[in-house]
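Quick notes on the structure that follows.
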Amino acid sequence: MAGGEFALIEQLRSRLGKVGKGVRLGIGDDAAWLDPAGRQLVATMDTLVADRHFFPDVRPYDLAWKALAVNLSDLAAMGAEARWCLLSLALPPREAGYGAWMEDFMAGWRALAERHDITLVGGDTVATDGPLTLSVTALGLVDQSVMRRDAARPGDMVWVTGSLGDAAAALDLALVERGREGQGFPCSAAQREALEARRLRPTPRLEFGEAAAACGVCCAMDCSDGFLADLSHILETSGVHAQIALDALPLSRELMDLAGEDLERWQRWPLTGGDDYELILCAPPALAAPLRQAAAAQSLRLTAVGHILPTALDMPAAVTMTRRDRVMPLPTTWGHVHAL
């Protein structure tokens, strides 16, 4: 990228690298100089690769939004206040160049970053002969402790923010449209638009994550690989069992209409589909009222879907799933599995 690399860096600096809270020195030197002002730092990183994590024909605006959102969702699950990000772009040769592409990418990034007062403070840009790849590192701050996966305790209620399954249903449609393996189904243009918006532009629950931690919640995780798969991480690290009501899982109006009474769709989309970027929380019943108040203050849907139990010899699986108060068999696939 030779001469173009520095022009691209300057473009990113001038458009996205505004002076932000705690930024002593941002884009333009060998490293960023940040001041956490006596607070503790929380860091996360996620990498997205074309044709593995996103379709190569995705609009740059949506790619930027989602790349940032998936990292902010991790900070939300820890109860951190998001502050700064670093961005690495590996760009393959492109006949049309990256002028208009970068303008749209920066617009998508800025739309989400400004909503949460996030500052881009550095990163890297390189040329590549491989697929387009971008990595985002997000940095946040906490005052004392964080919410963790290993802190679920018997007696806790299991909560979920927002709704589940929209992105998974939208992915099915997108796969079928591109001649790939997916489950096609009839839906209206309005339903399709609502589902696709959730797939391409998820909403990281940062404000609620901070509020939940302030309420005293100790256990949370972001729901990205499928509700059942992500809940299992909490249960394994905490050494506990969970009883979950499938019919209590929160669905959007659009997905409720499409799923109906089809059990396979309930398992495929909200239970194991993934890409929701909502929060799963485990908290004592005493915190139910303050959690509901915090959610209501943000006009955020919050649903109790089950409770945590101690492990027992007669519970070989980590989860007991019920539907209409009857125990049902678990699906063979619990969600996305990261494999090399």
Does anyone have the angle between helix 99-115 and the longest principal axis of the chain? Alpha-carbon axes, 0 to 90°, nearest 10? 50 degrees
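Residues of region 117-156: accessible area per residue at 1.4 Å, in Å²?
44 Å²
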Name the residues whose placed amide hydrogens come within less than 5 Å of the amide hydrogen of residue 122, ignoring near sequence neighbours (fewer than 5 apart) on the same chain. 87
Residue separation between residue 320 and residue 103 times 0.36 nm, minus their alpha-carbon distance, gives in nm 73.3 nm
Per-peptide average of other Cβ atoms within 10 Å, ordering 97-104, 170-177 highest first: 170-177, 97-104
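Compute the FRET efficiency between residue 45 and residue 177 as 1/(1 + (r/R0)^6), taking r as their Cβ-Cβ distance and R0 = 30 Å, and round to the nearest 0.05. Intermediate results must be reported in sequence, preceding the final value.
Values: r = 31 Å, r/R0 = 1.03.
Result of the calculation: an efficiency of 0.45.
Kirkwood Rh and Cα-based Rg: tell me the resulting Rg over Rh for the chain, rounded to two decimals.
Working: Rg = 20.7 Å, Rh = 21.1 Å.
Dividing the radius of gyration by the Kirkwood radius yields 0.98.
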Give me the distance between the Cα centres of region 216-241 and region 81-123, rounded to whole Å. 30 Å
May I ask you to derive the FRET efficiency for residue 117 and residue 296 from their Cβ-Cβ distance with R0 = 30 Å, giving the value to the nearest 0.05? 0.85
So what is the relative contact order for region 90-249, in percent, with contacts set as C-alpha pairs under 8 Å and at least six apart? 29 percent
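Would you please put 181-192, 283-294, 202-213 in order of how densely packed they are, using the mean number of other Cβ atoms within 10 angstrom per residue and starting with the highest?
On the way: 181-192: 12.3, 283-294: 15.8, 202-213: 23.7.
Ranking, from highest mean packing down: 202-213, 283-294, 181-192.
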From DSSP H assignment alone, runs of 4+ in the chain each adding -39500 (n - 2.57), the sum over residues rounded to the nearest 500 puts [θ] at 222 nm at -10500 deg cm²/dmol
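Report relative contact order for the chain in percent, whole number only (criteria: Cα-Cα under 8 Å, sequence separation at least 6). Could you put the intermediate results ahead of the total?
Details: 702 pairs, mean separation 75.7, N = 340.
Once normalised by length, the contact order is 22 percent.
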Using the 4.7 Å Cβ rule, please list in number order the cysteines from the chain without any candidate partner. 85, 187, 215, 218, 223
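What's the FRET efficiency of residue 193 with residue 328 using the Cβ-Cβ distance as r and R₀ = 45 Å, to the nearest 0.05?
The computed FRET efficiency comes out at 0.90.
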0 to 90° range, to nearest 10: angle between helix 2-16 axis and the chain longest Cα axis: 60 degrees
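The values are calculated or read from the model by the stated rules, or taken from the named source; none is laboratory data. As the structure is a computational prediction, the values presented were derived from the model and not from experiment. Methodologically, a virtual Cβ is constructed for each residue, glycine included, from the backbone with ideal geometry; neighbour enumeration extends over all protein chains shown. To get the accessible areas, we keep the full protein, side chains included, count just its heavy atoms, and leave off ligands, DNA and RNA. Shrake-Rupley method; radii C 1.70, N 1.55, O 1.52, S 1.80 Å.
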